[in-house]
Amino acid sequence: MKKALSLLTVSAMAVSMLAGCGSSNTAATTAAATTAAATEAAAPAETTAAATEAAAAATEAATEAAAEAGSADLADKKVGVCIYQFSDNFMTLFRNELQSYLESLGFKPENISIVDGANDQATQTNQIQNFITSGVDVLIINPVNSSSAATITDMVTEANIPLVYINREPDAQEEERWKTENMNVTYVGCDARQSGTMQGEIVLDLENKGDINGDGKVSYIMIEGDPENVDAQYRTEFSVKALTDAGVEVECLDDQVGNWDQAQAQSLVANSLAQHGKDIEVVFCNNDAMALGALQAIEAAGETVGTDVYLLGVDALQEACDNVKSGKQTGTVFNDHISQSHSAADAAVRYLTGEGNEHYIGCDYVKVTTANVDDILASLG
Ligand code: GAL
């Protein structure tokens, strides 16, 4: 299990401190009541050492009882996790970290079940139904189609199972419903607009602001992830918006869907380079897997990142960070799978203890360039 960057840990802690109020589990509540009673009883004799000792002992008992209640509960709890597709590089990092963090919290490995939706909503819907029938206590779901969230939410909440969505954010109307209908449903993830903006800012920070040939505009191609997904929509929009907001003129030479996939991106960028050659100054990829594919195509075309073309991704996969370090990728944006998986597991626990959650638990992206890539690589372990 990895440790989150300290900055992100602090922001995750702030979120978890804000999140959730309401009742906690019985043992903890009882012990807390004992503390209050001891403090009250001690109040008239507040100057005596005995009173202070009684209150301190009760506090300690409360803390111990709460801890015991928590871990005893979790060891018996079953958690079901649905991932949209196991072959996705980023979601593989996410699910491995989620598994080890859940175990570190006290869930038994045999009570953690993680399944592959194989990028098919019907398959995933069946898996969710099976989890409900088997009586899981909490579900963590990375939906295949974000647009299926309303149906998924209804299935799960009708079975009285709390639900934590991860990575693929349902739309605003669906999130609003969790609030108005007071559902035990939350979303843990980052705001994809931020990652797009950061990609654009990395280009703006270059000396020529991306205008390699000096013709007064930045000519780019865009390689998109799954277009059903807000991450793809927002990254596509906000990377370019950062440039235009800064007064930079842009020209889109090509915009293609690579479905988050390295091989698809490689062939798309190869085609684009064959058509537009050195007119392409910036290759924006919605994720690093596709940036790795783009790099293969760029190198095969005999071009060099940094002099002929700039290349941007998102996620901060190890290999992409190595490329940033050696100059083969201009930059990336850290999509913090460590902080997100921990926050998702913590949210699941807060449902199990009855503490509850806010309906949105956020996380920040981090820009990655040669300036800080070593820190990011160190935090990835
Ligand atoms: C994004 C990530 C992509 C892909 C996608 C799946 O957040 O950047 O690499 O994993 O999620 O929905």
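The values are calculated or read from the model by the stated rules, or taken from the named source; none is laboratory data. Keep in mind that this is a model prediction, so the values were computed, not measured. Neighbour counts run over all protein chains shown; Cβ positions are idealised from the backbone, glycine included. The area values use the complete protein model at the heavy-atom level, side chains included, leaving out ligands, DNA and RNA. Shrake-Rupley method; radii C 1.70, N 1.55, O 1.52, S 1.80 Å.
Restricting to region 322-339, name every residue that is surrounded by fewer than 24 Cβ atoms within 10 Å (Cβ to Cβ) and either in a helix (DSSP H, G or I) or at pLDDT below 95 (or both). Walk me through how you get there before you give the answer.
Of all residues in region 322-339, those surrounded by fewer than 24 Cβ atoms within 10 Å (Cβ to Cβ) come to 322-323, 325-328.
Asp322, Asn323, Lys325, Ser326, listed by residue number.
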Quick test for you: out of Asn286, Asn323, pick the one residue that is in contact with an Asp or Glu (Cβ under 6 Å, 6 or more places away or on another chain) and under 27 Å from Arg95 (Cβ atoms).
Asn286
Please state which one of Glu237, Glu174, Glu169, Glu224 is of a type in the set (Asp, Glu), touching a helix residue (DSSP H, G or I) at 6+ places or on another chain (Cβ under 7 Å), under 22 Å from Phe94 (Cβ atoms) and free of Cβ contacts under 8 Å to residues at least 60 places away in the same chain.
Glu174
State which residue is least open to solvent (accessible area, probe 1.4 Å) when the search covers only region 100-128 and only residues that are within 16 Å of the ligand (Cβ to nearest atom) and in a loop (DSSP other than H, G, I, E, B).
Gly117
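Going by the conditions given, is Ile223 closer than 30 Å to Gly327 by Cβ, within 13 Å of the ligand (Cβ to nearest atom) and hydrophobic (A, V, I, L, M, F, W, C)? Spell out the reasoning first.
Working: closer than 30 Å to Gly327 by Cβ: yes; within 13 Å of the ligand (Cβ to nearest atom): yes; hydrophobic (A, V, I, L, M, F, W, C): yes.
When the stated conditions are applied, Ile223 passes them.
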(1) assigned to a helix (DSSP H, G or I); (2) surrounded by fewer than 21 Cβ atoms within 10 Å (Cβ to Cβ); (3) in contact with a strand residue (DSSP E or B) (Cβ under 9 Å, 6 or more places away or on another chain) all hold for Leu253 apart from (1)
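Restricting to region 159-202, and then to whatever is hydroxyl-bearing (Ser, Thr, Tyr) and more than 16 Å from the ligand (Cβ to nearest atom), can you tell me which residue is farthest from Ala246 (Cα to Cα)?
As a first pass, look at region 159-202 and keep what is hydroxyl-bearing (Ser, Thr, Tyr): 165, 180, 186-187, 195, 197.
Narrowing further to those that are more than 16 Å from the ligand (Cβ to nearest atom): 180, 186.
Values: Thr180: 39, Thr186: 35 Å.
The qualifying residue farthest from Ala246 (Cα to Cα) is Thr180.
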Quick one: in region 185-213, of everything that is open to solvent by less than 10 Å² (accessible area, probe 1.4 Å) and assigned to a loop (DSSP other than H, G, I, E, B), which residue is farthest from Arg235 (Cα to Cα)?
Gly210
Looking at region 72-99 only, could you name the residues that are open to solvent by 50 Å² or more (accessible area, probe 1.4 Å) and either touching a helix residue (DSSP H, G or I) at 6+ places or on another chain (Cβ under 8 Å) or modelled with pLDDT of 95 or more (or both)?
Asp73, Asp76, Lys77, Lys78, Phe86, Ser87, Asn89, Leu93, Asn96, Gln99
Out of (1) open to solvent by 40 Å² or more (accessible area, probe 1.4 Å); (2) in a helix (DSSP H, G or I), what's the single condition that is false for Phe131?
(1)
Which numbered condition Asn182 misses (of (1) assigned to a loop (DSSP other than H, G, I, E, B); (2) touching a Pro at 6+ places or on another chain (Cβ under 6 Å)):
(2)
